[in-house]
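The values are calculated or read from the model by the stated rules, or taken from the named source; none is laboratory data. Just so you know, these numbers come straight off a predicted model, no measurement behind them. Cβ atoms come from the backbone with ideal geometry, glycine included; neighbour counts cover every protein chain shown.
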Amino acid sequence: MAAITPPREYQAGHQLARALDQDLADRYVRHTLTGDPEVDEMLAELDGHGAALKHGWIQRGIEGGADAIPDAPACARELFDRIAEVPSWWRPGDELPGCRAFHRHSQMFLGAFVAGVLVEGFSTLISKSFSITGRLTDSGVRRLKQNNRHLVEIFMPGGLDRQADGWKLSVRIRLVHGQLRRLLARSPEWDTEAWGVPLSSAHIAFATSAFSALLLKRATQLGVDLSPAERASFMQVWRYSGHLMGVSPELLFEDERSGLHLQRVGALCEPPPSLESCQLAGGLINAAPIVAGIEDPPTRRALVRKIYRISRALIGDERADQLRYPPARTLGTLPALRLAYRGDLLLQRLLPRWRGTRQLGQFAQLMDLSHYENRAMNYRVPDQVHAEKDGVL
């Protein structure tokens with residue numbers, strides 16, 4: 001295979017990553033130069049038919065597949081046919097242990113998601129894309145709720161069936177990324193030689209690995225204890241969701257071990273967090289109390305300080321300092337959280353009636369923290385680079 005010339009910002013990290021895994025490092029960097037060829041081709045074709053037709057075809061295609069868009073270009077019908085094909089490694093029912101585990105520990109999974117892996121996922125150069133569009137910096141609360149909703153929906157039993165919301169939201173994410181990729185590539189704000197392709201194949205794979213394998217690791221640090229079968233099932237859910245989001249087969253993990261390895265190699269390839277990464281991390285953490293409905297300013301500030309401290313304990317001082325976190329002492333933070341959570345689980349086992357009440361309240365909180373203002377889903381993709389001009393978040 002021809003020698004790789006990485007984008008300028010990746011060159012130093014690529015050499016470090018090659019010392020760990022030369023083949024994977026080369027594949028990762030190669031994918032910073034590619035997007036999602038199938039979706040990119042389809043969207044280019046749809047753009048030539050006007051916004052109204054394009055959005056209608058996408059809406060009906062996600063809802064009903066190729067049969068629902070007989071008037072659409074062939075490339076669109078073919079894409080929705082391919083997306084509807086269930087991969088050979090996915091067996092309905094295998095997701096149930098992972099779904100039960102997620103909902104049994106949803107409070108800690110969401111905590112690990114916000115304080116850990118979302119921050120780590122956006123520490124890559126993907127932050128450039130979201131910063132330019134404003135889809136996190138200006139709309140952090142709504143985006144955090146949307147991220148939560150996607151997580152909730154894919155972990156509903158049957159959530160990745162063709163007609164379920166987890167399936168549809170995963171495909172919608174793929175199409176939104178594709179449209180933003182097209183818009184950013186034409187924007188004078190994007191530097192392809194330095195950063196590669198916007199919302200590249202590498203970044204989508206990295207994020208999927210972080211939101212799955214790394215999420216399991218961070219949740220374990222907070223006291224979540226899953227069986228090997230539950231962990232494997234959890235990873236299968238994210239593997240299928242990643243497949244639907246367009247992760248290239250060359251970078252789609254098979255299990256927890258390969259997911260963590262991809263995240264580790266990808267993190268080495270990436271440059272140190274940029275100013276945009278710092279802004280996104282701070283925006284996510286400051287949005288969390290608002291998402292939780294906390295209105296009292298002193299209480300909100302106290303919770304932000306607590307989340308910063310937990311996040312620093314999860315991701316480590318080096319990464320926290322790179323992201324310009326405020327100083328904080330973290331000694332004992334994670335052991336105290338684990339002890340408190342395991343005490344809570346023990347009480348649930350000893351008091352079955354209280355366990356039912358506790359789990360019902362946890363599920364209600366999960367709904368409150370997710371974007372459910374409007375049950376009818378709108379799958380329109382953006383037409384403008386900047387969110388404030390477009391209205392699609």
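Met108 passes every criterion in (1) touching a residue at least 12 places away in the same chain (Cβ under 8 Å); (2) under 21 Å from Val171 (Cβ atoms); (3) not polar (S, T, N, Q) apart from (2).
Filtering segment 19-70 to residues that are within 19 Å of Leu184 (Cβ to Cβ), surrounded by fewer than 16 Cβ atoms within 10 Å (Cβ to Cβ) and among the small types (Gly, Ala, Ser) leaves Ala44, Ala51.
Considering the conditions (1) surrounded by 18 or more Cβ atoms within 10 Å (Cβ to Cβ); (2) touching a residue at least 60 places away in the same chain (Cβ under 8 Å); (3) of a type in the set (Gly, Ala, Ser); (4) within 20 Å of Arg182 (Cα to Cα), Gly13 is excluded by exactly one of them, (4). In segment 284-393, counting only helices (runs of 4 or more DSSP H) that sit wholly within it, the ones holding 2 or more residues that are in contact with a Leu (Cβ under 9 Å, 6 or more places away or on another chain) and at pLDDT 65 or above span 297-315, 333-350.
Here Ser209 clears all of (1) in contact (Cβ under 8 Å) with a residue 24 or more places away in the chain; (2) closer than 25 Å to Val385 by Cβ except the condition numbered (2). If you take the residues of segment 122-153 that are among the hydroxyl-bearing types (Ser, Thr, Tyr) and either modelled with pLDDT of 85 or more or part of a helix (DSSP H, G or I) (or both), which of them is surrounded by the fewest Cβ atoms within 10 Å (Cβ to Cβ)? Going through the qualifying residues, I end up with Ser131.
Does segment 263-303 hold any residues that are of a type in the set (S, T, N, Q) and more than 22 Å from Arg142 (Cβ to Cβ), and which are they? Within segment 263-303, Gln263, Ser274 qualify. Working only within segment 160-174, note down all residues that are of a type in the set (Gly, Ala, Ser) and surrounded by fewer than 22 Cβ atoms within 10 Å (Cβ to Cβ). If the condition is that a residue be of a type in the set (Gly, Ala, Ser) and surrounded by fewer than 22 Cβ atoms within 10 Å (Cβ to Cβ), then Ala164 is the only one that fits.
Checking each residue in segment 73-85 for being touching a Leu at 6+ places or on another chain (Cβ under 8 Å) and small (Gly, Ala, Ser) picks out only Ala76.
When you go through Arg82, Arg77, Arg60, Arg100 one by one, which is the residue that is over 30 Å from Asn286 (Cα atoms), touching a residue at least 40 places away in the same chain (Cβ under 8 Å), basic (Lys, Arg) and part of a helix (DSSP H, G or I)? Break it down stepwise before answering.
Values: Arg77 fails: touching a residue at least 40 places away in the same chain (Cβ under 8 Å); Arg60 fails: touching a residue at least 40 places away in the same chain (Cβ under 8 Å); Arg100 fails: over 30 Å from Asn286 (Cα atoms).
Answer to the check: Arg82.
The number of residues in segment 27-47 being touching a residue at least 24 places away in the same chain (Cβ under 8 Å), in a helix (DSSP H, G or I) and either within 24 Å of the chain's Cα centre (by Cα) or within 16 Å of His177 (Cβ to Cβ) (or both) comes to 14. Taking segment 197-237 as the range and being outside any helix (DSSP H, G or I) and out of contact with any Phe, Trp or Tyr (no Cβ under 8 Å at 6 or more places or on another chain) as the test, the residues that pass are Val197, Leu199, Ser200, Asp225, Ser227.
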